[in-house]
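For reference, the structure discussed in these notes is given below.
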Amino acid sequence: MATQLSPKERMQISRQTMPEQDATVRSGNFKEVNLGFSEQLALLEAQRCLQCKQAKCIQGCPVMTDIPKFVGLVAQGDFAGAAKSLLGDNALPCISGRVCPQEEQCEGSCIRGLKGQPVAIGYLERFVADWARNCGAVAADEAPAPTGKKVAIVGAGPAGLTAAGELAKKGHDVTLYEALHKPGGVLVYGIPEFRLPKAIVAAEVERLTQAGVKIECNVVIGRTYTIPELQEQFDAIFIANGAGLPQFMNVPGENFKGVYAANEYLTRVNLMEAYRKEEGSTPVLIGKKVAVVGGGNVAMDAVRTAKRLGAEQAMIVYRRTKEEMPARVEEVHHAAAEGVDFQLLVAPLEVIGDEKRWVTGLKCNRMELGEPDASGRRRPQVVPGSEFVLECDTVVVAIGTKANPLLTATCPELKLNKWGNIEIDENGMTSLPGVFAGGDIVRGAATVILAMGDGKRAAAAINGYLNQ
Amino acid sequence: MHPILAKKQLSPNVTRLDVQATRIAEIKKPGQFVIVRAAEGAERIPLTIADADPQAGTISLVIQAVGKSTKELVALEVGEAIRDVSGPLGHPTELIEKGKALCIGGGVGTAVVHPIAKALAAHGVQVVSVIGGRSKEWVIFEEELQKCGEVIVCTDDGSHGRKGFVTDAAKEVLEKGGVDIVYAVGPVPMMRAVANLTRPFGVHTIVSLNPVMVDGTGMCGGCRVDVGGETKFACVDGPEFDGHLVDFELLWDRLGTYREFEQRAASACADGDCRIRK
């Protein structure tokens, strides 16, 4: 058990480094990149926390995790206590500990970041969550008394899974409907194995089913059942069916063979298991030179996947610079270390193909940064006469998604905004009483943790609504 | 799990499976499809719902065994089950309420035309079906379509019905006049030929497209087709479109994306080693 350290002593410990697979080795396999903290590293890192009374990190967390509490327990070596505290706040810490953009949230708010490096809260969260998962030592809460209220959740992604866990804890009878054949949403079709192993998602899903949550796969709400039909059977509904339709660049040649939306590329590799070359039966084109258009997490996932599938050259094509990239900093670092080639200040104009309409290149403009736009980012503008062709045989378009109309088209009473996303009030309720919504169908394309935050808040609001 | 309750070989490479899928059987409409995954690890493939029995809770899937995944499906026997069936997906067929419809089916596409013809006949629409196949044993759904109206059968070798293509017989029907709408489902070259045939007649022509698909809910964008210069997703915007606006060259082209994989998988299967998939 660690002794109490003075703040000065705490300040002297520097941030611990996450052990990771060697970059050259890992760029050829799909195993997880980050290996996780050892107990010793976790203890040292946790001792760096100053245990602020007004903890800014909690405010920075979309699910309001009591970070000083669980980190303090880690520092004392009480991993079971830390796990109980963490799991009480966050239903899916194994996942958020891996995929949250901590630098913009908890760690971005950490006081230690003002002079030096913030506490590695994400790594500690992952450590505690994995410890709990591996030990199974966290005593399950006593089963709550059934309320007799039925809740339907549409979509078994991060928002839906979180809401399901929270509602089951309150004793509600929860049914999760998933359109695909496997629960997890973007956690299984989008985020690759090397960043979030499938086994972890499966374990979290298993925990929910043990808590009494029913999961029905292959049910497409909007087709198999409509929202009005669910309203007849359930006391409340939470719609969390995700972002939906991929956006394309709307440039000539975009339908040539070898052009993928990132959703399709990643789904083939992840959900359909093309990454397991022996077992999977879904094909994916193995490009020698792969150009991924975009600068977000999805683009990083796609380009690193291309590298692992055997691309000799895996490129990011982004119209601004690394500083403006919306991707997590760690993903950009990992990608660079793995040999991803960053074509920055480059904007595609046209996909070039051969006579059989297979992709051969991407005609692009060079860009430069001008004045800041509405988002505060400097607006890229074309460098006149800079047109050039980037040679490639596969193009993956990762520039975002737009709202899927499948569900909303069959429920015209649901109020939508001009982009087709569902409008909600401050409690997460839609224009239909008892029907709540959250995650990307409300926000447009956002992050896993924001969806989880929505799930948690919606669950609280649904619980309030059901207890009225 | 979706148990297989009946199985019937319809032609040398077309098999009909009646599968338990209660909810889908209850609500499906003509033109809609399902996505099936035969077993754990198998591909997701779109299949049109050829028929349904809401009382028995079954749907009929008519499968042309051409690739590894479809061969795996038709290898399933009564008593076995399909792992995943999701649907009904896509928009139902736009049906006319009165008048005369020409329904054209080529090969396995005839199975897709059948529920359309059946629904039209039920509305009191006069149905003329023109269906074709390589030779007698390749013609399917002839008897079922006869219950909906007149049927003209065409075979390439003349072993059954008329000798020649469906477009030849369809042309004669169109020339007689009175056709209000054409529904055509079959191989891409056939649908393209039908669209070219009906264009000068000015008869609205609906085709059902079968691009490569993964999720079937609009999420992947793999099934994109060009309709009137606009990119559409066959799974959520279709699968049926105005045949006069569809870019069939592009559809045909994109269908060839995985031809090399399919050939390799098929030859590996033929060698008795289905484990090598790429």
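The values are calculated or read from the model by the stated rules, or taken from the named source; none is laboratory data. Because the structure is predicted, anything quoted here is derived from the model rather than measured. A quick note on method: Cβ atoms are made from the backbone with ideal geometry, for glycine too, and the neighbour counts reach across all protein chains shown.
Points worth noting:
- Scanning the stretch A:275-297 for residues that are within 11 Å of chain B (Cβ to nearest Cβ) and among the hydrophobic types (A, V, I, L, M, F, W, C), we see that the one that is farthest from residue B:257 (Cα to Cα) is A:286.
Conditions (1) among the hydrophobic types (A, V, I, L, M, F, W, C); (2) within 28 Å of residue B:103 (Cβ to Cβ), marked per residue:
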{"position": "B:205", "(1), (2)": "no, yes"}
{"position": "B:221", "(1), (2)": "no, no"}
{"position": "B:230", "(1), (2)": "no, yes"}
{"position": "B:234", "(1), (2)": "yes, yes"}
{"position": "B:245", "(1), (2)": "yes, yes"}
{"position": "B:251", "(1), (2)": "yes, yes"}
{"position": "B:254", "(1), (2)": "no, yes"}
{"position": "B:258", "(1), (2)": "no, no"}
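- Strands (runs of 3 or more DSSP E) wholly inside the stretch B:176-263 containing at least 3 residues that are over 27 Å from residue B:68 (Cβ atoms) and of a type outside the set (Asp, Glu): B:181-185, B:204-208
- Taking the stretch B:74-94 as the range and being touching a residue at least 40 places away in the same chain (Cβ under 8 Å) and more than 26 Å from residue B:237 (Cβ to Cβ) as the test, the residues that pass are B:74, B:76, B:77, B:78, B:79, B:80, B:81, B:82, B:83.
- Within the stretch A:120-175, the only residue that satisfies the criterion of being of a type in the set (Ser, Thr, Tyr) and more than 25 Å from the chain's Cα centre (by Cα) is A:147.
- Condition met for residue B:145 (more than 14 Å from chain A (Cβ to nearest Cβ), out of contact with any Pro (no Cβ under 6 Å at 6 or more places or on another chain) and surrounded by 24 or more Cβ atoms within 10 Å (Cβ to Cβ)): yes
- For the residues B:111, B:119, the requirement of being in contact with a Pro (Cβ under 7 Å, 6 or more places away or on another chain) and of a type in the set (A, V, I, L, M) singles out B:119.
- Whichever residue in the stretch A:190-210 is part of a helix (DSSP H, G or I), more than 14 Å from every other protein chain (Cβ to nearest Cβ) and in contact with a helix residue (DSSP H, G or I) (Cβ under 9 Å, 6 or more places away or on another chain) and, among such residues, is surrounded by the fewest Cβ atoms within 10 Å (Cβ to Cβ): A:203
- Looking at A:272, A:249, A:300, just one residue is crowded, with 24+ Cβ neighbours inside 10 Å and more than 10 Å from chain B (Cβ to nearest Cβ), and that residue is A:300.
- All conditions but one from (1) modelled with pLDDT under 95; (2) among the charged types (D, E, K, R); (3) touching a strand residue (DSSP E or B) at 6+ places or on another chain (Cβ under 6 Å); (4) within 24 Å of residue B:243 (Cα to Cα) apply to residue B:97; the one that does not is (3).
- Checked against (1) within 14 Å of another protein chain (Cβ to nearest Cβ); (2) in a loop (DSSP other than H, G, I, E, B), residue A:339 passes all but a single condition, namely (1).
- Restricted to the stretch B:50-96, and to residues there that are among the charged types (D, E, K, R) and away from every other protein chain (no Cβ under 14 Å), the residue that is surrounded by the fewest Cβ atoms within 10 Å (Cβ to Cβ) is B:77.
- Top-ranked residue in the stretch A:323-364 [being free of Cβ contacts under 8 Å to residues at least 24 places away in the same chain and in contact with a strand residue (DSSP E or B) (Cβ under 8 Å, 6 or more places away or on another chain); ranked as farthest from residue A:394 (Cα to Cα)]: A:336
- Flag if residue A:49 is more than 30 Å from residue A:186 (Cα to Cα), of a type outside the set (Ser, Thr, Tyr), outside the structural domain of residue A:304 (by TED's automatic domain parsing) and touching a Cys at 6+ places or on another chain (Cβ under 9 Å): yes
- Filtered by the rule that a residue be at the interface with chain A (Cβ under 7 Å from one of its Cβ atoms) and under 22 Å from residue B:45 (Cβ atoms), the stretch B:219-232 gives B:219, B:220, B:221, B:222, B:224.
- Unmet criterion (only one of (1) within 14 Å of chain B (Cβ to nearest Cβ); (2) within 17 Å of residue A:237 (Cβ to Cβ); (3) over 28 Å from the mean Cα position of the chain (by Cα)) for residue A:433: (1)
- Yes/no for residue B:76 being outside the structural domain of residue B:182 (by TED's automatic domain parsing) and either touching a strand residue (DSSP E or B) at 6+ places or on another chain (Cβ under 6 Å) or in a loop (DSSP other than H, G, I, E, B) (or both): yes
- Count of the stretch A:309-325 residues which are away from every other protein chain (no Cβ under 14 Å) and either β-branched (Val, Ile, Thr) or surrounded by fewer than 21 Cβ atoms within 10 Å (Cβ to Cβ) (or both): 9
- Residue in the stretch B:130-139 that is in contact (Cβ under 8 Å) with a residue 12 or more places away in the chain and in contact with a Phe, Trp or Tyr (Cβ under 6 Å, 6 or more places away or on another chain) present: no
- Condition check for residue B:236: in the same structural domain as residue B:181 (by TED's automatic domain parsing), crowded, with 22+ Cβ neighbours inside 10 Å, within 19 Å of residue B:32 (Cβ to Cβ) and touching a strand residue (DSSP E or B) at 6+ places or on another chain (Cβ under 7 Å): no
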